[in-house]
Every structure is written in structure tokens, then in C-alpha cells.
1. Could you put 269, 316 in order, starting from the residue whose Cβ has the fewest other Cβ atoms within 10 Å?
2. Could you give the length gained by full extension between residue 298 and residue 328, i.e. 0.36 nm per residue of separation minus their alpha carbon distance, to one decimal place?
3. Kindly put 239, 214 in sequence by how many other C-beta atoms sit within 10 Å of each C-beta, fewest to most.
4. If packing is taken as the average number of other Cβ atoms within 10 Å across a peptide's residues, how do 226-233, 286-293 rank, most packed first?
5. Binning every alpha carbon pair distance of region 228-339 at 5 Å from zero, what are the percents per bin?
6. Could you order the peptides 76-87, 117-128 from most to least packed, using the average number of other C-beta atoms within 10 Å per residue?
7. As a footprinting exposure proxy, order 262, 109 by other Cβ within 10 Å, with the fewest listed first.
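A short reminder: the numbers here are calculations on the coordinates, not readings from a lab. These figures come from a predicted structure and were not determined experimentally. Note: ideal-geometry Cβ built from the backbone for every residue, glycine included; neighbour counts use all protein chains shown.
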Ligand SMILES: NC(=O)c1ccc[n+]([C@@H]2O[C@H](COP(=O)([O-])OP(=O)(O)OC[C@H]3O[C@@H](n4cnc5c(N)ncnc54)[C@H](OP(=O)(O)O)[C@@H]3O)[C@@H](O)[C@H]2O)c1
């Protein structure tokens, strides 16, 4: 068990700090926190307010924790889904930190801001795994949305990565995965946890980039967003923040072993509020139409090219939003990156041209 406690318990003493982590209550199997420098600057009262650093038995950094970054430059990180919403900013953020990165590309090559090594990679084609993982120390793994049978694709690829010497795996999952053992994301997480490897799970909230991806056509052509989310609020997060958080975790490596991060934006917003922000930024009225499930499915079948499986999945997602199950906001972006997450207005201003074309 690696424990780095410099500076943590100067004021309260180790015993108090340990009890915050639940470790004194017989939970000796729970790894100790590896926070550093946290409490030197805090007074006792604030220190007591640090929330328990575990999420369902896994440790998690707390609200007021701060630590110095210890980037390990001599590492090669492989990023799967490298041209996706999260993968692309992750590749750029790693390269910016001077970390060697290999972008594992499935389809069309993407233009990264940085000049990085690329390799063709396919979870369904074993021939691509060895060149993909060669000499790598860290791996970012996502579940491509259409791959459901993770046991025959992603699990064996992960085994190959670990056999090739990868020592730290960061999974891209989804908020709430811990409570859903049948979710493919959770099955991947559990597989990684069972392997002899350091792991970190990143479970984000609702992507702002859904507005520039899935909803782009509706906004551009009809000035409207059509989803069955009622007046429920979602914890919108910019995938650039997820990518940058994952980059920091990969750059620091085993420092984040067994941590779970749930990046969200700064606030939960209804689609009405989102449409209002887009209207302001684009200087034209964007409507939010909130149909029932049946009318939504009819609209998606008639007006888009999405397949039925995806449409039904989005029904589930938006039902969760409508029921208020996607509104929890965390400060994990600030905890890891030391800055506030981007707001939906920041995102809308940066992407405005996407909805003007
Ligand atoms: N949307 C949300 O609000 C939300 C919220 C939380 C979590 N998530 C999760 O985030 C994940 C998606 O992340 P994302 O949005 O960054 O990805 P994305 O933009 O949807 O891109 C998927 C990536 O996977 C690659 N890919 C497709 N098939 C592959 C294969 N057989 N082998 C290797 N790579 C393959 C794609 O490459 P090509 O494009 O070249 O084929 C692409 O780079 C999903 O698991 C989703 O459930 C989504």
C-alpha cells in the first residue's frame, strides 16, 4: 500500500484524518489516501469538513483537497478513441505536458493540434493490438458506443495491453456506472479492477458536445432541440475538461490508483436553460421541444439517420434526466485540474460556428 501523507495531519493528527477516510472503522482493506500537502494550509475546522474519500468502497479525492502535480514524463500513453470527443483533447493535453502519446485511431485520421504518433487500432481486430500497445506504460480505454459485447472485444484487448507491460489503465465510463453491474462500462471497470494493474475510473456527466454532435442538425436546420427530457436538469460537462482531467491522471500515473472521478460542469441546467444560452450566443431563437417518448421516437426515425438501438438508448438517457437522475454536480474537475470547469456558455461561445453553418 503506498501512502504519502506529508503535511496531511499536522493539525488534526493522523488518527483524525484516517477516521475521515473510514479506515479506522475496520475497513483495513481500503487503500490509504495518497493526498499530499492538503492540510498544511487548512485550519482544523475546514479539515474536518473534508468529505469521506471513498465512493462505494473506492477512494476518491475530496472537495478541499489540493495536491502538487507530479508528472512522470518518461512514459508512453496509448489513447483509444483518440479522434473522439474525449480522446482528441486528451491527446493534445498529454502532448502539451511533454508526455509521449500514441493516438490509437480506428477510422479516419484526426488532425490533432499536436504532432503525435498514430497507429491503426480496432478492438475487434487482434492484429492491431500488439502494435497498439507496444512499449506503453499507460492506457486510456473507452467503450465505443456501438460495442456492447465487451467480453469478446475490450476485455481481451485489455488483457493484451497488461501482458505487454501497461501498468495503469484509465477507463472512460459514465456517471452512475457503479450502481449498474450490467452496464458495459461497469463490466469493463470490473474487469480492469480484477487485473494486476493500477486503475482509475473516469465517470463523466452529460456531454455538452451532444449539442454540437447529436443535436447539431436540429439546431442548424430547425432552430430547435427535441428531446423527451421534460424540465429535468443535466450536469453538462465539456469533453475538453474530461480529456484534460484524464490527461492529468495518466501523466501522474499510479498516484491516482483506485480513484474514481466524476467530472461534471459547474451547474445542472434544463434544456430550456440550454436553449436560452444558445439563443443568446447565436443571436437567434432556439426552441426546446419536449415531446413524449413516442413522438420523440417517431421524430428520430423520420428526421435522422440514427439507428433504433441508439434512439432507444437516448430515450433512456433523457428519461433519467427528466426524473432528475442526471443532475448531480461534482467539483472533480477543479480538484484534479485546480481550475473551474467550463460552463455551458463558455462551450457555446467556443463552438458557435458549428451551429451557424
Ligand atoms: N454522450 C454522453 O453524454 C456521455 C456521457 C458519459 C459517458 N459517455 C460515454 O463516452 C463514450 C464515448 O466517448 P466519446 O464521446 O469520446 O467517443 P466518440 O466521440 O463517440 O467516439 C468513439 C470513438 O471510438 C472509436 N471506435 C469506434 N469503433 C472502434 C473500434 N472497433 N475499435 C477502436 N475504436 C473504435 C471511434 O473511432 P472512429 O470514429 O474513427 O470510428 C471514436 O474515436 C461512450 O462509452 C459513452 O457511453 C457518453
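1. By the 10 Å Cβ count, ascending, the order reads 316, 269.
2. Numbers: separation 30, 0.36 × 30 = 10.80 nm, distance 3.02 nm.
Result for the pair: 7.8 nm of gain on full extension.
3. Ascending number of Cβ neighbours within 10 Å: 214, 239.
4. Going by the mean number of other Cβ atoms within 10 Å, highest first, we get 226-233, 286-293.
5. P(r) over region 228-339, rounded to whole percents: 2, 11, 15, 16, 17, 16, 11, 7, 4, 1.
6. So the peptides 76-87, 117-128, ranked by packing, come out 76-87, 117-128.
7. The order, fewest Cβ neighbours first, is 109, 262.
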